[in-house]
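Trainee: Got a structure for you, written out below as structure tokens; questions coming shortly.
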């Protein structure tokens, strides 16, 4: 039986820090090493920080309509390397089709993409080879439920060092609609780089840390040819879309426009470039699980200019594809580095030359 996490380990790290360190950078490195040690087995597979799971006859992932004994989770998900999440089922279905084409993955003849969690009636999940595309709903409670079950799924499936990426939309602060924003730090409503939990009546803060190396790598994949900007900055995560984000157009508003603008300017001074509703819980739970993670959003408006999203539907659709394109570039790069992209393209079987295949398609279409 694999080793379990004891209840004392939750206190080890604090005691470790009480002995003192030479620099914040060293502290971060040692913290990351500690988290990795207690969240990974020697082969790189995910280890849970909950020994209770190993004692259960079956772990039912209720909101995903999956179970550790009812499904062969290793067979179904053991090859997953990337878990991409977004708010709506339709957006993630679209991303599944997009990434399938972009990495050249081909489904077996006569099959189509299937919503694996359709019978949960809560979240949608599509698998494209090593990429899992999942909807997480709106707001931190919905994301929290999904994250617990996705992390457990990685454990049961024996996935090795998976990468989680949230693909979303947001309101920009001082940036125009259509700008792609990679989160550097996720801040709560009080500008703390943590997420607040109430567990057994006690208030607990967990660091909302994202992988900054991953953020920089994603930024490096933006292109000068892209007709939009891609930036890195701090993200404010709120528990409300209206009053919590300083909007004047909710059912209630007990502050003035001057109050709102002063607040947004304060956020700018702290380096905040966008506002959304999921980043702190996503960052806190992935960091606590030792999972490399990033948040990539597109701004739908500049909040300094207004509160309502007025862009035409077709423009919004194109904007929402922009984070998907960047994330797809990253996935292609990693698969290529590991020699897996070529094997995925090989699944096309009878297609010897994608370029000539495209020419044949165009020629055939010209004679319809």
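Trainee: If you rank 121, 105 by fewest surrounding Cβ atoms within 10 Å, what's the result?
Mentor: Starting with the residue having the fewest Cβ neighbours, the order is 121, 105.
Trainee: Report, for the chain, the % of DSSP beta bridges that are antiparallel, rounded to 5. Write out the running numbers ahead of the final one.
Mentor: Numbers: 19 of 47 bridges.
Among the beta bridges of the chain, antiparallel pairing accounts for roughly 40 percent.
Trainee: Let me ask something else. Among 158, 266, 292, which one moves the most in a GNM of the chain with springs linking Cα atoms closer than 10 Å?
Mentor: In the Gaussian network model the winner is 266.
Trainee: Here is a further query. Please report how far the C-alpha centroid of segment 146-212 lies from that of segment 71-99, rounded to the nearest whole angstrom.
Mentor: Their Cα centres are 18 Å away from one another.
Trainee: Choose one answer from 68, 135, 256: the residue with the largest mean-square fluctuation in a GNM of the chain with alpha-carbon springs under 10 Å.
Mentor: The residue that fluctuates most here is 256.
Trainee: Nearest-5 percent of antiparallel DSSP beta bridges in segment 169-337?
Mentor: Counting only bridges with both partners in segment 169-337, antiparallel ones make up about 45 percent.
Trainee: Taking the Cβ of each residue in 295, 327 as the centre, tally the other Cβ atoms inside 10 Å and list the residues starting with the fewest.
Mentor: 327, 295
Trainee: Suppose a student asked you for the relative contact order of the chain, using Cα pairs under 8 Å spaced at least 6 residues apart; what percent would you report? If you can, show how the numbers build up before the last one.
Mentor: Working: 613 pairs, mean separation 73.7, N = 368.
In percent, rounded to a whole number, it is 20.
Trainee: Could you tell me the extents of the chain's C-alpha atoms along the three principal axes, largest first, rounded to whole Å?
Mentor: That gives 67, 58, 43 Å along the principal axes, largest extent first.
Trainee: Would you mind ranking 235, 198, 179, 39 so that the residue whose beta carbon has the fewest other beta carbons within 10 Å leads the list?
Mentor: Final ranking by Cβ density, sparse to dense: 198, 39, 179, 235.
Trainee: Here's a follow-up. Relative contact order for segment 169-337: what percent, with Cα pairs under 8 Å and sequence separation of 6 or more? Write down the numbers at each step before the final one.
Mentor: Numbers: 304 pairs, mean separation 63.3, N = 169.
Relative CO of segment 169-337 lands at 37 percent.
Trainee: Let me ask another. Using just the alpha carbons, could you tell me how many Å³ per residue the convex hull of segment 169-337 encloses?
Mentor: 133 Å³
Trainee: Distances over 21 Å make up what percent of all Cα-Cα pairs in segment 134-216?
Mentor: Across segment 134-216, Cα pairs with separations above 21 Å total 44 percent.
Bear in mind that the values in this text are calculations on the coordinates, not laboratory data. Everything numeric here is computed off the predicted structure, so don't read it as measured data. In this analysis, Cβ positions are derived from the backbone assuming ideal geometry, glycine residues included, and neighbour counts consider all displayed protein chains.
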